[in-house]
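Inspection log for the structure reproduced underneath, given as structure tokens.
The values are calculated or read from the model by the stated rules, or taken from the named source; none is laboratory data. Just so it is clear, the model here is predicted, and its values are computed rather than measured. In this analysis, Cβ positions are derived from the backbone assuming ideal geometry, glycine residues included, and neighbour counts consider all displayed protein chains. Keep in mind that these areas ignore ligands, DNA and RNA; they rest on the heavy atoms of the full protein, side chains included. Shrake-Rupley method; radii C 1.70, N 1.55, O 1.52, S 1.80 Å.
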Amino acid sequence: MLLEHIKEFGTAADGRLFANARGGVLGTSSYWRVWQEARPIALPPDRVGSPLAHRPYDLRHTCITNWLNAGVPVAEVARRAVTRQWSSTAGTRAA
């Protein structure tokens, strides 16, 4: 399914899978709107009102937990899960 999506739509210039109509970064509100529309389609009716996958971040958290529970070394989980580095002293994203 992923390869079909990439074949049909390509990727953004910087390699991101999803981009907005102008090729830029999708805003948080766009993710949230689409997520809320997709949940009732993807989940069984008895789960739609539950907290299951309430936010997109919940899936990331579950994946990380599953890796750890499966015995993947912590350093490998950290490598897989990293998105951006944060400066702990300045509270800003590091370059």
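Let me have the relative contact order for the chain, percent, based on Cα pairs under 8 Å that are six or more residues apart.
Numbers: 39 pairs, mean separation 9.9, N = 95.
Once normalised by length, the contact order is 10 percent.
Using the Cα centre as the reference, give the magnitude of the dipole from point charges on the C-beta atoms of the chain (Lys, Arg: +1; Asp, Glu: -1; all else neutral), rounded to the nearest 20 debye. Could the numbers behind the result be given before it?
Working: 12 positive and 7 negative charges, 55 e Å.
Using only the charged Cβ atoms, the result is roughly 260 debye.
Strictly greater than 13 Å: what percent of every Cα pair in segment 10-59 meets that? The partial results should precede the final answer.
On the way: 774 of 1225 pairs.
Beyond 13 Å sits 63 percent of the P(r) for segment 10-59.
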Hey, can you find the accessible area per residue of segment 1-51 for me, probe 1.4 Å, expressed in square angstrom?
-> 85 Å²
Under a 10 Å cutoff between Cα atoms, tell me which one of Thr28, Thr11, Thr65 has the largest fluctuation in the Gaussian network model of the chain.
-> Thr11
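Work out, step by step, the length gained on full extension between Leu52 and Val74: first 0.36 nm times the residue separation, then minus their alpha carbon distance; give nm to one decimal. Mind showing how you got there, number by number?
Details: separation 22, 0.36 × 22 = 7.92 nm, distance 2.50 nm.
Residue separation times 0.36 nm, minus the Cα-Cα distance, leaves 5.4 nm.
Between Ala42 and Thr62, what length in nm is gained on full extension when 0.36 nm per residue of separation is reduced by their alpha carbon distance?
Result for the pair: 5.5 nm of gain on full extension.
What longest range of the chain stays clear of loop-exposed trypsin sites (Lys or Arg not before Pro) (DSSP non-H/G/I/E/B, at most 11 other C-beta within 10 angstrom)? It would help to have the intermediate numbers written out before the result.
Values: sites that count: Arg22, Arg84.
Formally, the longest exposed-site-free interval is 23-83.
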Largest fluctuation, Gly71, Gly15, Gly24 only, Gaussian network model of the chain with Cα springs under 10 angstrom, belongs to Gly15
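Kindly provide the helix-only [θ] at 222 nm of the chain, computed as the sum of -39,500 (n - 2.57) over DSSP H runs of four or more divided by all residues, to the nearest 500 deg cm²/dmol? Intermediate values should be presented prior to the final figure.
Working: 4 runs with 45 residues, N = 95.
Result for the chain: -14500 deg cm²/dmol, rounded to the nearest 500.
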Residue of Asp14, Asp46, Asp58 that the Gaussian network model of the chain assigns the largest fluctuation, springs spanning Cα pairs under 10 Å = Asp14
Volume per residue that the Cα convex hull of the chain spans, once the total is divided by residue count, Å³ = 178 Å³
For the charge dipole of the chain, defined by +1 on Lys and Arg C-beta atoms and -1 on Asp and Glu C-beta atoms about the Cα centroid, which residue among Gly71, Val25, Leu52 has the Cα displaced farthest towards the positive pole?
-> Val25
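Hey, got a sec? Which chymotrypsin sites (Phe, Trp or Tyr not before Pro) in segment 1-91 land in a DSSP loop and have at most 15 other Cβ atoms within 10 Å? Numbers along the way, then the final one.
Numbers: sites: Phe9, Phe18, Tyr31, Trp32, Trp35, Tyr57, Trp67, Trp86; in loops: Phe18.
Hits after loop and neighbour filter: Phe18.
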Rounded to the nearest 20 debye, dipole of segment 26-73 from Cβ charges on Lys, Arg, Asp, Glu | 80 debye
